[in-house]
Number of protein chains: 4
Amino acid sequence: MKAYEFQSFGLEHLRIVERPRPQPGPSQALVRMRACSLNYRDLMVVRGHYNPKMPLPRVPFSDGCGIVEAVGPNVSRVKAGDRVMPIFMQTWIDGPLTDEKSRSALGGAIDGVLTEFVALDAEGLVHVPPHLSDDQAACLPCAAVTAWNALVTQGRLKAGDTVLAQGTGGVSLFALQFARMHGARVIITSGSDEKLKRARDLGADEGINYKSTVDWEDAALALTGGVGADHVVEVGGAGTLERSLRAVRHMGIVSQIGVLTGVTNDVNIAPILMKHIRLQGIYVGSRAMFEAMNRAITQSKLVPAVDLAFPFDQAADALHHMESGAHFGKIVVRLNP
Amino acid sequence: MKAYEFQSFGLEHLRIVERPRPQPGPSQALVRMRACSLNYRDLMVVRGHYNPKMPLPRVPFSDGCGIVEAVGPNVSRVKAGDRVMPIFMQTWIDGPLTDEKSRSALGGAIDGVLTEFVALDAEGLVHVPPHLSDDQAACLPCAAVTAWNALVTQGRLKAGDTVLAQGTGGVSLFALQFARMHGARVIITSGSDEKLKRARDLGADEGINYKSTVDWEDAALALTGGVGADHVVEVGGAGTLERSLRAVRHMGIVSQIGVLTGVTNDVNIAPILMKHIRLQGIYVGSRAMFEAMNRAITQSKLVPAVDLAFPFDQAADALHHMESGAHFGKIVVRLNP
Amino acid sequence: MKAYEFQSFGLEHLRIVERPRPQPGPSQALVRMRACSLNYRDLMVVRGHYNPKMPLPRVPFSDGCGIVEAVGPNVSRVKAGDRVMPIFMQTWIDGPLTDEKSRSALGGAIDGVLTEFVALDAEGLVHVPPHLSDDQAACLPCAAVTAWNALVTQGRLKAGDTVLAQGTGGVSLFALQFARMHGARVIITSGSDEKLKRARDLGADEGINYKSTVDWEDAALALTGGVGADHVVEVGGAGTLERSLRAVRHMGIVSQIGVLTGVTNDVNIAPILMKHIRLQGIYVGSRAMFEAMNRAITQSKLVPAVDLAFPFDQAADALHHMESGAHFGKIVVRLNP
Amino acid sequence: MKAYEFQSFGLEHLRIVERPRPQPGPSQALVRMRACSLNYRDLMVVRGHYNPKMPLPRVPFSDGCGIVEAVGPNVSRVKAGDRVMPIFMQTWIDGPLTDEKSRSALGGAIDGVLTEFVALDAEGLVHVPPHLSDDQAACLPCAAVTAWNALVTQGRLKAGDTVLAQGTGGVSLFALQFARMHGARVIITSGSDEKLKRARDLGADEGINYKSTVDWEDAALALTGGVGADHVVEVGGAGTLERSLRAVRHMGIVSQIGVLTGVTNDVNIAPILMKHIRLQGIYVGSRAMFEAMNRAITQSKLVPAVDLAFPFDQAADALHHMESGAHFGKIVVRLNP
């Protein structure tokens, strides 16, 4: 079978290799992958910026959708023919995250899913909401679960709350959609008026162009009567944190998710204290969260925003497209067409 | 000014009397009532079934909408001309309910709002969501806050949950609307196919006619794959509790709200233990809950289901209409047309 | 090996039989039982009052402590020589209870632990706090986890709260100890002044003799300044529920645990609504709760109250002793002396 | 009457002045102060480091204990002769903090309590636990409520948890005491072995000298089996935050309380994400928290650790003593001896 791997860090070292098709172990399912989606993390992983000590070669990508081809003798959770998605951390089933569970992430700690076939423990798979295409389902495991965990599991979002989401990447658009699904108001930021228009078409109530309105946190305060947002979905990282702390209300929640603008910066922590802010780190989520989210997606017939789907042999192009920042929503790579 | 009062228990003793227009105290607002809505409790109050020892005469009704006519010198919360609703328990502002706060309910512990003017502490008023008519706003203080408290504050409802609501009275229809607002699935019961159709038009996903399907809890189980509903809005009381305990899932919540079928019955409590059920009593809610709900109603442009609006001099007819059970949603009495 | 079983319901049918020593499966551990403890449920099970349709023969008892004798090849959670306790529901590891998990309870749904050896999935075992004897550890799986779940997991007990515990059986004494461990105040009821004295020696702040003070709920109210207890540990069942609803404060929690006085009774549910009470069914708890509790027991060096330890061949006597109500705390049966 | 005030920033400008004794307004109580306690914030306030734009002159200090001398006609909450403490933010009664409530802090936003008499709204006072001396009670309003809010209200501390507290100042020692009160394990850091010994005498399980063990976070990890503490009480500020993020477990809570080492620093936020950490800002707490804490203090007979009590005319010396860092626990200034 064909699989992508990189033997050295760098997009230029990402290549398709021939590997033996895996056999499912007694508790495993063999999954024929149909589509994968990209996360910014994948770019960092391949570049070696995520974990410079990662053992190589490694198969990249954590997110995807496939069809169960065969199962081991102890498996009852899924059966051949089922459409499934792997969970991001293969052993985070329920309850709190632990160090051990965090060491089971696909396409990072262990080999990922940008491969024709993958054998995974059946406990590490969830079923696809029936109304979703393979491309759409491939978008859920990391970005959607992260947004769900931030707003619903940790954030206990309710109707009437205001959610501020940064940009129009995968997590932010899922945050937009989950917020609207729960009757919340959404303010979204972007550097592109065109993308703000598309976000409004997806349900955003307000858009702020952070290029023309550099102090976007002041605009966010003005849009909330000076109170601030209840939730800020912070994907920018250390470079935007101070603005997010200003944009959130007293006792509000800033979900720290991404590091697009870097992991380290000079940060003034005084607003955290004085405004009694909860800065909540979010690292994807458990299978239990994934399944709760799938019930919601199925009930609301939510459709993820897919930007572009690339053929299997253009995975590097897909990563370059992500890097360009031109995308709106999720980028997909298709397998087994 | 004109006001309703009853000097003895019984609908036949409910009459319009002339009373002096009250003056607002230093911390009070004088409110010119525009519309009141009925709750089943009002029927019980006037009949003497709610509290047989209630001091008489008493002005009935807790729920309404009015316009601030004047305010005392210490008042900054509202101003003349504001459209407001009184909160059900006048001293339950925030935090947990106490015995003392529970003794401040309008139209029960103290005089109610079926009167042309009422002077209330400004802390006991909230502003009306701008898109609502007076009739619609009059529906919120008891029924809507109760449904919000049950599902959102206590129930922490999230998208994808299943809510089972009994009947098509005020609380149940607000429960339906709040559940849909949060992306939840709604199963509603009624003795009338016509009402079930109207509930579906309001957003209910499923309807069960409890006359043709006596064991409606079995139908609810079947509709949830045998699992049971996440939330049951229990307005029936002791007579329906056992069925509700059967219809809810393991670790689900039954919100005990109403006593339409009586307060006392032979109850088998074993399912509470064995299914780890939370039976949560709900007694309306605080001003903080009311205000959070109003933000949600404003954001979602929710419109309460008003059944019929009666003129001021037909308040007894309005109560008879409620008693007949023919209504769908809230019954209103209009003042100061 | 020797094991107890009953082929028909009734204490008189409980007998020691010879069974082949089980072999651990690939994911199992073989445990040499050292001590078992009794719960009131065991009496109901053997009598056929718990589940009259239970398939027979059945090995009784859910609770015990033993030593791992051998493990299957896939087991890393425990190793030979480890002192362990089985969890009550063998598949309730973490997250919410489900119908399926509830069907894995030892000594009920499946064979129990009153046997010299038992083979259990390694996931269904937890380690014993080192300072506890085998007799003491045998007391934890059902009664202690139930009290922990009620007060800590569900009840979110904090210092300064008041806990009212009914009687001096296993759950109630663990509730007393956990409440004191968290800095809470404890009121305990009993029909015996002698037992009340012993409860005070264990840390109870107040004792009420429900024989001399029939309306013990009034005494509890008086002891809390008329406010009521924050938590009531309700082991009596339908027969005492109304008094418990009266003894708890507004928005307090009544944990419904036991059915000593029956499962069905005429119950007036009005106080649940009017006092905004949470009646929370408790059905033991998960392995995650058990392990959190063990950390607390280890930190505080808590020692369970063991009433009497019977030799293996006197298990029926132990059950008769429980039935007599003469015990204070947990009754133990010792194996493999 | 005598009162302290400063007309310019700087300890050297702190002086005793003669002011007219205030009269209680209709809803106010006049309190004769008996003792005040110092917080690090007071040093920052007087120096002008807290709010350089603070209007002057200002009476310093937020914390104290006094006796009600007289009350206005609308007051029923307290009466003459009652021993009371003011709440830190005079309008944060219950529910969430708002910007408006945060602008009512004593000795900062408004005049403080280092004065013979102060007139405060009766709603802004709480009663003193009877077993405490005036000096001891004066320690509670800021430091103790902060520690309670961090560990109990926000942190939902339970027995068996591990709490890491930095240093032996007021907040940290209350954290130690509340943690022990709830059956938790306590690790405390200090630069002094002598102080570590005193902390152990107060109940700390472990002490780490951060001078001899510079990488104290590694020692904390080792003491928790590599897992990390459940709660870190972070009073150091930006300078210690990275170490605290390392010392806490996955999904643990770092309560951001103090800024002893500065408010701004280069911070690597990656661990917040990857360990799913909650960094929770704490800004003292509400009256409801204060009263819940007082119930706990009364139940457990907790006695605050008072370092030294200075006479009224030596308030500047008291502040210099705090600045020296030589203290263990709270520093007090006595009035009206």
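The values are calculated or read from the model by the stated rules, or taken from the named source; none is laboratory data. These figures come from a predicted structure and were not determined experimentally. Note that we place each Cβ from the backbone using ideal geometry, even for glycine, and neighbour counts take in every protein chain shown. Just the protein is used for accessible areas: all its heavy atoms, side chains included, with ligands, DNA and RNA removed. Shrake-Rupley method; radii C 1.70, N 1.55, O 1.52, S 1.80 Å.
A single entry from C:T213, C:T298, C:T264 fulfils the requirement of being more than 27 Å from B:F88 (Cα to Cα), within 21 Å of the chain's Cα centre (by Cα) and open to solvent by 20 Å² or more (accessible area, probe 1.4 Å): C:T298.
For the residues A:A199, A:A179, A:A204, A:A165, the requirement of being under 23 Å from B:M181 (Cα atoms), among the small types (G, A, S) and assigned to a loop (DSSP other than H, G, I, E, B) singles out A:A204.
Does D:N336 fit the bill of being away from chain C (no Cβ under 14 Å), on the phi > 0 side of the Ramachandran plot and either touching a Ser or Thr at 6+ places or on another chain (Cβ under 7 Å) or surrounded by fewer than 18 Cβ atoms within 10 Å (Cβ to Cβ) (or both)? Taking the combined requirement at face value, the residue satisfies it.
Filtering region A:216-252 down to residues that are small (G, A, S), within 11 Å of another protein chain (Cβ to nearest Cβ) and surrounded by 24 or more Cβ atoms within 10 Å (Cβ to Cβ), which residue is farthest from A:L279 (Cα to Cα)? Among residues in region A:216-252 that are small (G, A, S), within 11 Å of another protein chain (Cβ to nearest Cβ) and surrounded by 24 or more Cβ atoms within 10 Å (Cβ to Cβ), the one farthest from A:L279 (Cα to Cα) is A:G228. Of everything in region D:13-65, what is in contact (Cβ under 8 Å) with a residue 24 or more places away in the chain and charged (D, E, K, R)? Give them in sequence order. Answer for region D:13-65, where residues must be in contact (Cβ under 8 Å) with a residue 24 or more places away in the chain and charged (D, E, K, R): D:R19, D:R21, D:R32, D:R34, D:R41, D:D42, D:R47, D:R58, D:D63.
Let's see how each residue does on (1) over 17 Å from C:C142 (Cβ atoms); (2) in contact with a helix residue (DSSP H, G or I) (Cβ under 7 Å, 6 or more places away or on another chain); (3) assigned to a helix (DSSP H, G or I); (4) modelled with pLDDT under 95:
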{"site": "C:E5", "(1), (2), (3), (4)": "yes, no, no, no"}
{"site": "C:F9", "(1), (2), (3), (4)": "yes, yes, no, no"}
{"site": "C:R15", "(1), (2), (3), (4)": "yes, no, no, no"}
{"site": "C:P22", "(1), (2), (3), (4)": "yes, no, no, no"}
{"site": "C:G25", "(1), (2), (3), (4)": "yes, no, no, no"}
{"site": "C:M33", "(1), (2), (3), (4)": "no, no, no, no"}
{"site": "C:C36", "(1), (2), (3), (4)": "no, no, no, no"}
{"site": "C:M44", "(1), (2), (3), (4)": "no, no, yes, yes"}
{"site": "C:N51", "(1), (2), (3), (4)": "no, no, no, yes"}
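Residues that are under 18 Å from A:I282 (Cα atoms) and either open to solvent by less than 40 Å² (accessible area, probe 1.4 Å) or aromatic (F, W, Y) (or both) within region A:53-100 comprise A:S62, A:D63, A:I87, A:F88, A:M89, A:Q90, A:W92, A:G95, A:L97, listed in sequence order. Restricting attention to region B:305-326, does a residue exist that is touching a residue at least 24 places away in the same chain (Cβ under 8 Å), within 14 Å of chain A (Cβ to nearest Cβ) and open to solvent by 20 Å² or more (accessible area, probe 1.4 Å)? No: region B:305-326 contains no residue that is touching a residue at least 24 places away in the same chain (Cβ under 8 Å), within 14 Å of chain A (Cβ to nearest Cβ) and open to solvent by 20 Å² or more (accessible area, probe 1.4 Å). Are any residues in region B:105-116 open to solvent by less than 10 Å² (accessible area, probe 1.4 Å) and either more than 12 Å from every other protein chain (Cβ to nearest Cβ) or not hydrophobic (A, V, I, L, M, F, W, C) (or both), and if so, which ones? Those that are open to solvent by less than 10 Å² (accessible area, probe 1.4 Å) and either more than 12 Å from every other protein chain (Cβ to nearest Cβ) or not hydrophobic (A, V, I, L, M, F, W, C) (or both): B:L106, B:G107, B:G108, B:G112, B:V113, B:L114, B:T115. Residues in region C:267-279 that are open to solvent by less than 30 Å² (accessible area, probe 1.4 Å) and either more than 7 Å from chain B (Cβ to nearest Cβ) or in a strand (DSSP E or B) (or both): C:V267, C:L279.
For region D:125-178, give me each residue that is small (G, A, S) and facing chain C (nearest Cβ under 10 Å). Once the filter is applied, which keeps residues that are small (G, A, S) and facing chain C (nearest Cβ under 10 Å), region D:125-178 yields D:A159, D:G160. Here A:S190 clears all of (1) buried (at least 22 other Cβ atoms within 10 Å of the Cβ); (2) closer than 20 Å to A:G160 by Cα; (3) more than 14 Å from every other protein chain (Cβ to nearest Cβ) except the condition numbered (2).
So, D:G64, is that one more than 30 Å from B:M289 (Cβ to Cβ), away from every other protein chain (no Cβ under 14 Å) and in contact with a Cys (Cβ under 8 Å, 6 or more places away or on another chain) or not? The answer is yes for D:G64. Residues of region B:150-166 that are in contact with a strand residue (DSSP E or B) (Cβ under 6 Å, 6 or more places away or on another chain) and not hydrophobic (A, V, I, L, M, F, W, C): B:Q154, B:G155, B:D161, B:T162, B:Q166. Scanning region C:200-209 for residues that are buried (at least 20 other Cβ atoms within 10 Å of the Cβ) and either farther than 22 Å from C:A144 by Cα or within 14 Å of chain B (Cβ to nearest Cβ) (or both) returns a single hit, C:I208. Selection over region C:54-75 of residues that are within 16 Å of C:C142 (Cβ to Cβ) and part of a loop (DSSP other than H, G, I, E, B) gives a count of 4. Selection of region D:76-121 for residues being more than 30 Å from D:F310 (Cα to Cα), assigned to a loop (DSSP other than H, G, I, E, B) and touching a strand residue (DSSP E or B) at 6+ places or on another chain (Cβ under 6 Å) yields D:P96, D:L97, D:T98.
For C:A119, the stated conditions do not hold, so it cannot be described as of a type outside the set (V, I, T) and open to solvent by less than 20 Å² (accessible area, probe 1.4 Å).
When C:Q154 is tested against (1) surrounded by fewer than 24 Cβ atoms within 10 Å (Cβ to Cβ); (2) more than 18 Å from C:L241 (Cβ to Cβ), just one condition goes unmet, and that condition is (2).
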